[in-house]
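What follows is calculated from the coordinates using simple rules that are stated; it is not laboratory data. Note that the structure is predicted; figures quoted are calculated from it, not measured. Every residue, glycine as well, gets a Cβ built from its backbone with ideal geometry; the counts of neighbours run over all protein chains shown.
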Amino acid sequence: MLELNISLLIKSFGLVIEYIGVIAVIISVFMALIQLPNKKYTRDDVRAEFARNLIFGLDFIIAADILLVTVANNLTEVLQLGGIVIIRVLLAYSLRKEIFWLKKK
C-alpha cells in the first residue's frame, strides 16, 4: 500500500514537472513570435534566445521523464521512456550547438 502511494506521488510530481516544461516551451514560442517582428532584435538573436528557452523547457521535461522511469511498471515502459529521454537529450545537445554556432557568427 505504501509503495503504491509513493508510486502515485512520484508519478504525479513527474506529470506536474512535465507540464511545467511544456508550458515553458509554449511560452518560448510566443516570446520568439513577439520578438521576431521587432527591429531591435536580429533573426539570429531571436533564434538563440528561442533555443535557450527551449532547452530550459526540455530540461524540465527530461527531469520528469527520469522521475517517471523510476515508477515504470515493466521493461517496455522503461525502454520507451529511455528512448524518449535519449531523443530529448540529443535535441537539447543540438540546440546547444546551434546557440554556440550563432554566437560565433
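In segment 1-84, which trypsin sites (Lys or Arg not before Pro) are in a loop and have at most 15 other Cβ atoms within 10 Å, using DSSP for the loop call? Sparse-neighbourhood loop trypsin sites (Lys or Arg not before Pro): Lys39, Lys40.
With the dipole of segment 2-104 worked out from charges on the C-beta (+1 for Lys and Arg, -1 for Asp and Glu) around the Cα centre, which of Val46, Leu15, Ile66 lies farthest toward the positive end? Checked the options; the winner is Val46.
Gyration tensor analysis over the Cα atoms of the chain returns equivalent ellipsoid semi-axes of 34, 15, 8 Å (largest first, whole Å).
Between Lys103 and Ile20, the simple spin-label model (points 7 angstrom out along Cα→Cβ) gives 2.5 nm. Here Ile10 and Thr76 are evaluated by their C-beta separation; at R0 = 22 Å the FRET efficiency comes out at 0.70.
About its Cα centre, the chain has a charge dipole of approximately 780 debye under the convention of +1 per Lys or Arg Cβ and -1 per Asp or Glu Cβ, with nothing else charged. Straight Cα distances below 14 angstrom link Lys103 to the aspartates and glutamates Asp44, Asp45, Glu49, with same-chain residues fewer than 8 positions distant left out.
Membrane-span-like helices in the chain, defined purely by DSSP H runs whose alpha carbon atoms cover 20 Å or more axially and whose average Kyte-Doolittle hydropathy reaches 1.6, are 2-35.
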